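First the structure, in the form of structure tokens, and then the observations on it.
The values are calculated or read from the model by the stated rules, or taken from the named source; none is laboratory data. On a predicted model such as this, the values are computed, not experimentally measured, just so you know. In this analysis, Cβ positions are derived from the backbone assuming ideal geometry, glycine residues included, and neighbour counts consider all displayed protein chains. When the accessible area is computed, the model is the full protein with side chains, heavy atoms only, and any ligands, DNA or RNA have been set aside. Shrake-Rupley method; radii C 1.70, N 1.55, O 1.52, S 1.80 Å.
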Amino acid sequence: MAVIFVDNVEIDAEEGRTLLEVCLEKGIAIPNLCFIKHNDSPSASCRLCFVEIEGIEEPVTSCTVKVKDGMVVTTDSAEVRELQKTAFRLILSTHRIDCGNCPSRKRCELIKISRILKVKLSPEIYDPIERKVKAEEHPHLIYDISKCINCGKCVYICKKLHGRSYITFARRGIETGISFFGEKDAESIPCGKCRACADICPVSALLFYEHYSDLLKKQ
Amino acid sequence: MSGNNEDIKNAFSEIKKNAEKNFNESRNSDIPAIYIGMATCGRAAGAEEAERAILETLDERNVKADVIHVGCIGHCYAEPVVIVDNPGFPPIFYYNVTAGKSKLIVKAFLERGDPLYEHLLGAMEENELIPSVMGFPRFGMEKRIVMEKCGHIDPEDINEYIKKGGYASLAFALSKTQADIIDEIRISGLRGRGGAGFPAWKKMEAVYGSDSKEKYIICNADEGDPGAYMDRTIIESNPHQLLEGMMVAAFAAGASKGIIYVRHEYPLAVKIIKKAIDDSNRMKLLGENILNSGFSFHIDIFEGSGAFVCGEETALIESVEGKRGMPRTRPPYPVERGLKNKPTVINNVKTLSTIPAIVNKGGKWFSGIGTKSSPGTAIFSIVGNVVHAGLVEIPMGVTIRTLIYDICGGIPGGKAFKALQIGGPSGGCLPESALDTPIDFDSLTEAGAMMGSGGMVVMDEDSCMVDVAKYFLEFTKNESCGKCTFCRIGTGHLLTILERITNGEGREGDVELLERLAGDIKRGSLCGLGKTAPNPVLTTIRYFRHEYEAHIHSKRCPSLKCRPLTAFYIDLGKCARGCDACVGSCPVDCIFTTKGRKKGIDQEVCVKCGECVTACPEEYNAVIKVSPPHLVPHIEKLEESK
Ligand SMILES: Cc1cc2nc3c(=O)[nH]c(=O)nc-3n(C[C@H](O)[C@H](O)[C@H](O)COP(=O)(O)O)c2cc1C
Ligand code: SF4
Ligand code: FES
């Protein structure tokens, strides 16, 4: 057992566990989008879970830090908040905000984060960027890049369940998003019976056709 | 290691004896030797045409000479370069050797003994006949360690390399302990030449100290910086030196497998390094039980897809593993968990190519060159507005001023120096006030730039610094792997803001916004690409803030570079009545005749291509460029010419 101090509160935690995971379990609010429990090699790509740790000069991502006895952590310093707000606004500048029609609105992580950071659900100082990519066909799935926040959870879960990933990141830079690899053959892919990727997607950027048509009917 | 030192010595002297014999048989010292620089840069400048002309003329005139391909000597401004070693003369360096000059060299020099003083740069050694090139600062002030043999030897001839001292450091190292070699590198103070300047011995030691059975060494020859070509040239000009350095490092670290990661866009480098590996394997300098020492080592080539981010060590490893080239978080560092999660040393081409000289001459010798904290030499490809562009190798600590003005001949056309972009897309722009900064890892970082892997672009007064920042951001934005938020989206916003500034749509507060976003990207990004991508923006703001402000507040581009902020008009005082030289040059037909039968430009139609500036006869020079565009005077048309 290790004792750590988070925002001046003493916490007992198992040495070697991920700092972010421990904090979240104790109800400490740290914004995060790409973190997946029990994943040994975190992608650390959303850049939201920053904290300050005594003895380390710059803020660090808490999903890549292991708990060590005596660690002193601050989750809401000015530097941490500055980085988080910028990262959050950058993500929002590529996320089409359409809460009224979004199936994820009740569990929306983005709304939660805007509350933690006390900022609007808006990119504010950054002009929105429309990402243009050619739509890919898939027998079951629809992917909407204008909502995707590139958290990578879908790719992770697919690989975990099927041993290989039937979806993956493709393209570079701002156009990076999910690709189906041209997996069009309904027989050879497991997607018909599995909906893990759509379930894990925090922003409903991946949807199954039937789900999608329900959505259209409701509108 | 199991080998006995005597065995190693014997095995090596046997190889050396054979190599010397084979080399001597392949060359005939009684006839002239003509060395042609045939690296990618030489070929691009016309070395193949020069060779063809030489061969044809030799044949035609029935003159005997050996024509030998060598790599690049680094003097790109002089290419194609031909060095002629004519018995009775010192070896002579000829520059810009066109097909015509090639013929002349054969006819005048080889046939008649006239060395053609007007076409030579100098002799390659001191002599009484012809002034030596060493008197020329671009030669004399350089210090060549890694590039010593570049352009002097045939890169495809392992025998020549061995004859001239090659692989001696390998034989020596194998007769020492691993700890001895690591210690020698530690004493040398060698720091990684791939950008960050990390002490080379520490990586070797970490991997050596690990108890993993499998260990790897990777040579990073991805070289993605636009305009940089040092690593390519070194591979194309002296591949065995790299292999030798890699073998010594592998021995010290205990790695039995090496990978050279070369970009696919370097076909000649790939071909040459492959041949070098085959030759070393054939001569048993690579493979099992090298020189009977008990040390076995194999090298493979991996051709990268040419993505900039794949030069980042963890992305490079992912790419070798067959995954998408995206960086991993560090720690763990590659020395702990590298290729296939095994301890891996990863070093740049130049770092590894320096090792043979260190082992041969001693760490102490190396540490005496350059500065205390950055020993040795720095290799740059210096391009842009500079007279003697090309590859230079200088002792660390030389100032930027000495490099540009003394060694490289200054700025052409009598223009003023404005900035030096150093370190490529991760580096920064340094202004005139930084000319006295010594070139070493720490001084450059302090000035806001960085050593990077060695690209340098010299810019004269006509360069717009906002435009320069935009150029580099466009590059990094496209090369971002798309993994982390700051780099994927943040660089896009930096570019958008820069674009609106250069388009004359800059908003109040844009400079501050750039600074804030750039700072956040620098601190928040996952890998080195994002952490350094804002440097061109931050340094241009730091040193040239007034240029940003002129663009934003007065819609003026001080260097008259940004098209939307400039305009052309014809100065009626200078324009010659009746002359219409410019009229035909305009692609959009917007030049009209004025009342006084002079010319004017229709501002509504003009696309600002600048063709008329070139077309206007020099004695008039009547086309004027201004910024902001509203400075253009109103010029009336002649009614009927409409
Ligand atoms: C975006 C990016 C691109 C890089 N490109 C290269 C490269 O082309 N060549 C290289 O040797 N190092 C490159 N590096 C540095 C490598 O990550 C690594 O530090 C280097 O290969 C280590 O070798 P050294 O210790 O010999 O310098 C790059 C780093 C980053 C962040
Ligand atoms: S589709 Fe959803 S789960 Fe997949 S990366 Fe985008 S936001 Fe994340
Ligand atoms: S949760 Fe740590 S970077 Fe995304």
Given (1) open to solvent by 40 Å² or more (accessible area, probe 1.4 Å); (2) in contact (Cβ under 8 Å) with a residue 40 or more places away in the chain, residue B:504 misses just (1)
The residue from B:244, B:236 that alone is more than 22 Å from residue B:360 (Cβ to Cβ), touching a residue at least 24 places away in the same chain (Cβ under 8 Å) and out of contact with any strand residue (DSSP E or B) (no Cβ under 9 Å at 6 or more places or on another chain) is B:236
Checked pairs for the stretch B:473-490, first facing chain A (nearest Cβ under 7 Å), second open to solvent by less than 10 Å² (accessible area, probe 1.4 Å) and charged (D, E, K, R), C-beta under 6 Å and 6 or more apart or across chains, list as B:480/B:488; B:482/B:488
If we ask which residues in the stretch B:530-576 are touching a Cys at 6+ places or on another chain (Cβ under 8 Å) and closer than 17 Å to residue B:421 by Cβ, their number turns out to be 9
From the option list A:133, A:155, single residue qualifying as more than 27 Å from residue B:499 (Cβ to Cβ) and more than 16 Å from ligand 1 (Cβ to nearest atom) is A:155
Taking the stretch A:37-48 and the residues there that are open to solvent by 30 Å² or more (accessible area, probe 1.4 Å) and farther than 13 Å from residue A:66 by Cα, the one that is farthest from ligand 2 (Cβ to nearest atom) would be A:37
When every residue in the stretch B:529-562 that is closer than 19 Å to residue A:57 by Cβ and within 14 Å of chain A (Cβ to nearest Cβ) is compared, the one nearest to ligand 2 (Cβ to nearest atom) is B:530
Checked the stretch A:122-144 for anything in contact with a helix residue (DSSP H, G or I) (Cβ under 8 Å, 6 or more places away or on another chain) and either within 16 Å of ligand 2 (Cβ to nearest atom) or charged (D, E, K, R) (or both); matches are A:124, A:127, A:129, A:131, A:132, A:133, A:138, A:140, A:141, A:142
For the stretch A:19-62 the number of residues that are within 14 Å of another protein chain (Cβ to nearest Cβ) and basic (Lys, Arg) is 1
Open item on the list: Among the residues in the stretch B:384-396, are any crowded, with 23+ Cβ neighbours inside 10 Å, touching a Cys at 6+ places or on another chain (Cβ under 6 Å) and not small (Gly, Ala, Ser)?
Closed with: yes
Result of the Cβ filter at 7 Å on the stretch B:567-579, keeping first residues that are farther than 14 Å from residue B:592 by Cβ and partners that are surrounded by 21 or more Cβ atoms within 10 Å (Cβ to Cβ) and among the aliphatic types (A, V, I, L, M), at least 6 apart or interchain, is B:571/B:622; B:574/B:622
Within the stretch B:349-375, restricting to residues that are assigned to a loop (DSSP other than H, G, I, E, B) and over 24 Å from the mean Cα position of the chain (by Cα), the one that is nearest to the other protein chains (Cβ to nearest Cβ) is B:372
**Asked** Regarding residue B:529, is this residue surrounded by 18 or more Cβ atoms within 10 Å (Cβ to Cβ), of a type outside the set (D, E, K, R) and within 16 Å of ligand 1 (Cβ to nearest atom)?
**Response** yes
The residue that is farthest from ligand 1 (Cβ to nearest atom), considering only those in the stretch B:305-320 that are assigned to a loop (DSSP other than H, G, I, E, B) and within 13 Å of chain A (Cβ to nearest Cβ), is B:305
Picked from the stretch A:58-76 (must be within 15 Å of ligand 3 (Cβ to nearest atom) and open to solvent by 40 Å² or more (accessible area, probe 1.4 Å)), the residue nearest to residue B:484 (Cα to Cα) is A:64
- prompt: When you look at residue B:608, is it basic (Lys, Arg) and open to solvent by 50 Å² or more (accessible area, probe 1.4 Å), yes or no?
  reply: no
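Residues checked against (1) open to solvent by 70 Å² or more (accessible area, probe 1.4 Å); (2) over 24 Å from the mean Cα position of the chain (by Cα); (3) β-branched (Val, Ile, Thr):
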residue: B:17; (1), (2), (3): yes, yes, no
residue: B:42; (1), (2), (3): no, no, no
residue: B:64; (1), (2), (3): yes, yes, no
residue: B:67; (1), (2), (3): no, yes, yes
residue: B:75; (1), (2), (3): no, no, no
residue: B:80; (1), (2), (3): no, no, no
residue: B:83; (1), (2), (3): no, no, yes
residue: B:99; (1), (2), (3): no, yes, no
When every residue in the stretch A:132-189 that is open to solvent by 20 Å² or more (accessible area, probe 1.4 Å) and within 16 Å of ligand 3 (Cβ to nearest atom) is compared, the one farthest from the other protein chains (Cβ to nearest Cβ) is A:157
* To do: Could you tell me whether any residue of the stretch B:340-348 is assigned to a strand (DSSP E or B), in the same structural domain as residue B:224 (by TED's automatic domain parsing) and under 19 Å from the mean Cα position of the chain (by Cα)?
  => yes
The strands (runs of 3 or more DSSP E) lying entirely within the stretch A:1-55 that contain at least 2 residues which are within 24 Å of the chain's Cα centre (by Cα) are A:50-53
### Query
Within the stretch A:108-117, is even one residue in a loop (DSSP other than H, G, I, E, B) and away from ligand 1 (no atom under 16 Å from the Cβ)?
yes
* Consider residue B:189 carefully, then state whether it is in contact with a Pro (Cβ under 8 Å, 6 or more places away or on another chain), among the small types (Gly, Ala, Ser) and touching a residue at least 24 places away in the same chain (Cβ under 8 Å). => yes
Listed by first then second residue, the pairs whose first member lies in the stretch B:109-131 and is in a strand (DSSP E or B), whose partner is modelled with pLDDT under 90 and open to solvent by less than 80 Å² (accessible area, probe 1.4 Å), with beta carbons under 8 Å and at least 6 positions apart or on separate chains, are B:121/B:136; B:122/B:135; B:122/B:136
Taking the stretch B:591-605 and the residues there that are in contact with a helix residue (DSSP H, G or I) (Cβ under 9 Å, 6 or more places away or on another chain) and free of Cβ contacts under 8 Å to residues at least 40 places away in the same chain, the one that is surrounded by the fewest Cβ atoms within 10 Å (Cβ to Cβ) would be B:603
